Each structure stands twice: as structure tokens, then as C-alpha cells.
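Please read the structure below before turning to the comments.
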Amino acid sequence: NTTNGGAGGVGVASTISGSSVVRAGGGGGGGFTAGTSAGGNGGGGGGRGGTVGVSGTANTGGGGGGGGYNGPSGSPQGGGSGGSGTVIVRYPTQFAAAPASPGATDCSPATPGYYTYRFNSTGSITLP
């Protein structure tokens, strides 16, 4: 008997940092025996029977997939980790630019009319 897990929810596409990125997709449910499932865009896929779920996409906040189960003689497997998140700070160029900020990626050239800074890890920013 093969049963697929449910598909993960579709994430939301955003161009706030200058290019389209899908964020916050749901992870797929774990499959039974040979079953599997797909994660939503920006999320992780579910585990095939007897395997660990796929982790969510880094820097998108996507959900991790559920772990699979390999029938009565097998054992359940763990789910995948959720994808790390990101913080984006964006404001109009009518204000002054922020000084160089540790941990920030300056996306401003890709977002005309805005100063845009993306953090994928620890960092700080001092706004003028």
C-alpha cells in the first residue's frame, strides 16, 4: 500500500528586494511506504516512505516536509527543518541612505527609488 502525503502550500512571490523570490511555502506531508509529496514553492518536500522530510528552502522561511513512514515493520522518520528567514528593510530615497551595515546586503541598485537592505543572518542597521 502506497499513500502520498499532502502537498505543501504555495508560498508568496515578492520583488521587494529587486528580484522575484517565493517565500513561506509549506512543506509537504510525509508519505507512507513508497509514497511521497511535493512541497509548495519556497517549502520542502515530504519524506518518501522510510525517509526524512526535505528541509525548507534557505532564506525563504519555507516549511520543512513531514517525515515518511515505511509501513508496519518500519519506523516513522523525522520531518525536515524549516528554511531560515530573511529580514528586508526598504524605504524611499527621499530620506538619506543608511551607513554601511554589518550583515546587510545592499539591494538598492535593483530597487530604483528605494534604499533596500537584506539580512540573511545576524546584523544591524542604523537608519538616518
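The convex hull of the Cα atoms of the range 54-127, projected and averaged over all directions, covers 6.0 nm².
Return the tail of the calculated pair distribution for the chain, meaning the percent of Cα-Cα pairs more than 22 Å apart. Working shown, then result.
Values: 3863 of 8128 pairs.
More than 22 Å apart: 48 percent of the Cα pairs in the chain.
Only bridges with both residues in the chain count here: give the DSSP antiparallel percent, nearest 5. Antiparallel bridges: around 95 percent, rounded to the nearest 5.
With a 1.4 Å probe and all protein chains in place, put R118, R48, R90, R23 in order of accessible area, largest first.
Numbers: R118 65, R48 125, R90 90, R23 40 Å².
So, going from the largest accessible area down, we get R48, R90, R118, R23.
Peptides 51-57, 111-117, ordered by how many other C-beta atoms sit within 10 Å of their residues on average, highest first, read 51-57, 111-117. Protein heavy-atom surface of the chain, 1.4 angstrom probe: 54% of the accessible area is carbon and sulfur, with nucleic acids and ligands not counted. Accessible surface computed residue by residue for the range 42-116, with neighbouring protein chains in place and a 1.4 Å probe, gives 50 Å² per residue. The mean sequence distance of close C-alpha pairs (under 8 Å, at least 6 residues apart), as a share of the length of the chain, puts its relative contact order at 19 percent.
Here the simple spin-label model places points 7 Å from the Cα toward Cβ, and for A34 and S124 these points are separated by 5.7 nm.
The values are calculated or read from the model by the stated rules, or taken from the named source; none is laboratory data. Nothing here was measured: the structure is a model prediction, and the numbers come from that model. Here the Cβ is made from the backbone with ideal geometry for all residues, glycine too, and neighbour counts use every protein chain on show. Note: areas computed on protein heavy atoms with side chains; ligands, DNA, RNA excluded. Shrake-Rupley method; radii C 1.70, N 1.55, O 1.52, S 1.80 Å.
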